[in-house]
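Asks: Below are the structure tokens for one structure; questions will follow.
No lab work stands behind these numbers, since they all come straight from the coordinates. These numbers were taken from a predicted model, which means no experiment stands behind them. Neighbour counts run over all protein chains shown; Cβ positions are idealised from the backbone, glycine included.
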Amino acid sequence: MEPSYRIVPPSQIKTASISDTAGSLGLHDTLQYGIRSIATETRGAEFENRIAKWEETQDNARLNMLSNIYGPSAPLRLLMERQIVSASPHMPAMPQSNIHLDILMGRDETLDPTDFFLGMESGPPLSIHNEMEKKLRL
């Protein structure tokens, strides 16, 4: 847990420009750096990086605020509870849903597409005993 109140993830994108890949004549050195592409020179990947690290940054800010308000044991307890809940076993034949972890992560009041479409294409199992035997190879 890095102590930070950052709301938006930092920008950590490295961009390649013609000055970075130029040879002695000032042109792009294709043999050494490969074919030049616009995708490596644009900063579109910065947005993707921020979206990928959004939840991690938000969670880090929440844990830091908990630490400052309630002391350093509060985020440690919450992280320990998350670890225990995420390692808990579930019924093999039933669709996997970890509502306990969602509550601890603060996702219990949000609706995602996975809440509606995860594993529902096959429907509930007809016989839970047959499904358990199949998963446990009995």
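Asks: Could you calculate the contour length gain from LYS53 to TYR70, that is, 0.36 nm times the residue separation minus the distance between their Cα atoms, to one decimal place in nm?
Replies: Result: 3.5 nm gained on full extension.
Asks: By average Cβ neighbour count within 10 Å, what is the ranking of 97-105, 26-34, 59-67 from highest down?
Replies: With the highest mean Cβ count within 10 Å placed first, the list reads 59-67, 97-105, 26-34.
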